[in-house]
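The block underneath contains the structure these notes are about, expressed in structure tokens.
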Amino acid sequence: MIRIAVVGTGYVGLVTGACLADFGNRVVCVDVDRGKIDQLLRGEIPFYEPGLKELVDRNRGNGRLRFDHDVAAAVRAAPVVFCAVGTPPLSDGSADLAAVFAVGDIVAANLGGGYKVVVQKSTAPVGTARELWRRLRRAARGGQVDVASNPEFLREGAAIETFMRPDRVVIGAETPRATRLLREIYRPLYLIETPMVVTGLETAELIKYASNAFLATKISFINEMANLCEAVGADVHTVAKAMGLDGRIGRKFLHAGPGYGGSCFPKDTSAMVRFARRHGERVRLVEATVAVNRAQHQRMVRKIETALGGVRGKRVAVLGLAFKPETDDLRAAPALAIIAGLLRRGAEIVAHDPVAMDNARALPVGKRIAFAPDAYAAAAGADAAVIVTEWNPYRRLDLKRLARGLRRPVLFDLRNVYEPADAARAGLAYHGVGRGTRAAAKTATKAAPRTARKPARRPAAKAAARRGKKR
Ligand code: NAD
């Protein structure tokens, strides 16, 4: 049993705290956000994450997990301090490290007499952990303090599973004592033969960025292939499937769509571009990944605009706001970029999301759109429905019912959830992403009897051609 303080009780901190308590440690989770700690003390979970409430309740019940407002006291009492505060993007794309160094200052002022290790779990540019260590050693004046980097790879929506059964644990630690402590903390994972990568601080930090940048690149890559499919009349679904059958490529992260979003990929790719430049290097592939992703969000707006013959005064039902299913996290969600683009062009938006609507209402954009209690209500009387997030309820919609409710039966399936032919059979003009097969386009166009204006065939290809001419 190790006494652990987790500073920052957001997605990563709360999941880390609850899971480490479940491993048998004695954990206190602290945060500067008093409201969040009050919620947790009342037994409420501040965000949506499947299974987290049960895990938190169980470990509070057995006394291994508690919450406190007093960051200093928690840090003073614990030999191991996990730093899980946010590292949001600054306006130039670099990571804001103010919270990480604020935690460093609190630890420096509360080192106490004994040994302490600060475990840096926040995603922070290469060099952050060493800088933190330098500052803490100066404050310790001969006392013993270590800093380790232990990047987190959990996935929102499956956070507990991905923390408890990770593909690997990365431990950046440069003293035997810190390495021993971290190995001890993660010992339960040895039983399930989780690979442990023990390495230096800089390598550990870079592993996190390299992993996220690679996954983001895979998404931008397949999105570019999807756009090419639309231009040449190929089907990205089949292209990706066949590509993924090659073991060297793999099937995952090859789903064409509206572009990635969320609290990690956008900010981590941008931060990597910035810190690489600071070190005199360019990561051109990552720069391209960022640019392709931004363009993909806007391409979705143009896709809708072109197919509807303009969106001014038209009502668009947006299905799915969260950046991915099973979370209420709206940070950098593609839906927000798409909604903003449609609003700018004069569209009226009615949105639905199974869990993220309260968070959306709290945003400025939430005041400019309407919300509906379910997908069919959102679509009722709308000029088109747009699936932005592939929540399970949107995977098994009654397409005929959806088509009957829409004023114009047009479906933009930005996650390629449906087969174009099925949508066409339900009477919907179907627009997926990268599903440019000539046959599919024909069926979709034919099957739109109630559409006042004939939807453009392969609109993205037309737009691309126009752009090409302009150049
Ligand atoms: P979050 O915004 O949900 O939580 C951060 C918490 O830190 C907030 O509750 C905030 O109040 C608190 N905080 C800020 N400054 C503080 C301070 N000085 N002292 C105490 N608490 C403070 O963020 P998150 O999504 O949990 O991400 C945390 C870090 O983990 C980020 O660096 C992120 O990139 C990384 N990460 C996130 C995920 C993810 O899926 N969310 C996955 C892997 C890594």
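The values are calculated or read from the model by the stated rules, or taken from the named source; none is laboratory data. Computed from a predicted structure; not experimentally measured. Please note: Cβ atoms are built from the backbone with ideal geometry, for glycine as well, and neighbour counts cover all protein chains shown.
Among the residues making up segment 110-153, those that are aliphatic (A, V, I, L, M) and at pLDDT below 95 are L111, A139, A140.
Of the residues making up segment 319-355, those that are within 19 Å of the chain's Cα centre (by Cα) and of a type in the set (V, I, T) number 4.
Inclusion of D167 among residues that are in a strand (DSSP E or B) and in the same structural domain as A109 (by TED's automatic domain parsing) is not warranted. Screening the candidates G262, G250 for the property of being under 25 Å from F153 (Cα atoms) and in contact with an Asp or Glu (Cβ under 8 Å, 6 or more places away or on another chain) yields one hit, G262. For segment 378-391, indicate whether the set of residues that are at pLDDT 95 or above and either more than 19 Å from A335 (Cα to Cα) or surrounded by fewer than 15 Cβ atoms within 10 Å (Cβ to Cβ) (or both) is non-empty. Yes. Among the criteria (1) assigned to a strand (DSSP E or B); (2) surrounded by fewer than 16 Cβ atoms within 10 Å (Cβ to Cβ); (3) of a type in the set (V, I, T), the one I249 does not fulfil is (1). Considering only residues that are away from the ligand (no atom under 15 Å from the Cβ) and surrounded by fewer than 23 Cβ atoms within 10 Å (Cβ to Cβ), look in segment 9-50 and name the one that is nearest to W391 (Cα to Cα). Across segment 9-50, the extreme among qualifying residues is G43. Note on segment 82-107: among residues that are within 20 Å of A140 (Cα to Cα) and more than 6 Å from the ligand (Cβ to nearest atom), the one that is surrounded by the most Cβ atoms within 10 Å (Cβ to Cβ) is C83. Residues in segment 120-166 that are within 15 Å of V15 (Cα to Cα), more than 17 Å from the chain's Cα centre (by Cα) and of a type in the set (A, V, I, L, M, F, W, C): M164 alone.
Is it true that L182 is farther than 17 Å from V12 by Cβ and not aromatic (F, W, Y)?
On the way: farther than 17 Å from V12 by Cβ: no; not aromatic (F, W, Y): yes.
Judged against the criteria, L182 is not a match.
Scan segment 51-81 for residues that are of a type outside the set (A, V, I, L, M) and within 12 Å of the ligand (Cβ to nearest atom) and report the count. Please lay out each step first, then the result.
Applying the first criterion (of a type outside the set (A, V, I, L, M)) to segment 51-81 yields 51, 53-54, 57-64, 66-70, 76, 79.
Those left that are additionally within 12 Å of the ligand (Cβ to nearest atom): 67-70.
Result for segment 51-81: 4.
Could you name every one of the strands (runs of 3 or more DSSP E) located completely within segment 301-414 that has at least 3 residues being touching a helix residue (DSSP H, G or I) at 6+ places or on another chain (Cβ under 8 Å) and of a type outside the set (G, A, S)? Please lay out each step first, then the result.
On the way: elements: 315-319, 348-352, 384-387, 410-413.
Fully inside segment 301-414 and qualifying: 315-319, 348-352, 410-413.
For T162, the stated conditions do not hold, so it cannot be described as in a loop (DSSP other than H, G, I, E, B) and near the ligand (Cβ under 10 Å from one of its atoms). Here V126 fits the description: more than 13 Å from the ligand (Cβ to nearest atom), part of a loop (DSSP other than H, G, I, E, B) and within 26 Å of T194 (Cα to Cα).
Conditions (1) more than 23 Å from A384 (Cα to Cα); (2) surrounded by fewer than 24 Cβ atoms within 10 Å (Cβ to Cβ); (3) within 16 Å of the ligand (Cβ to nearest atom), marked per residue:
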site: Y260; (1), (2), (3): no, no, yes
site: M272; (1), (2), (3): yes, no, yes
site: A288; (1), (2), (3): yes, yes, no
site: G313; (1), (2), (3): no, yes, no
site: V316; (1), (2), (3): no, no, no
site: L319; (1), (2), (3): no, no, no
site: K324; (1), (2), (3): no, yes, yes
site: I339; (1), (2), (3): no, no, no
site: A347; (1), (2), (3): no, no, no
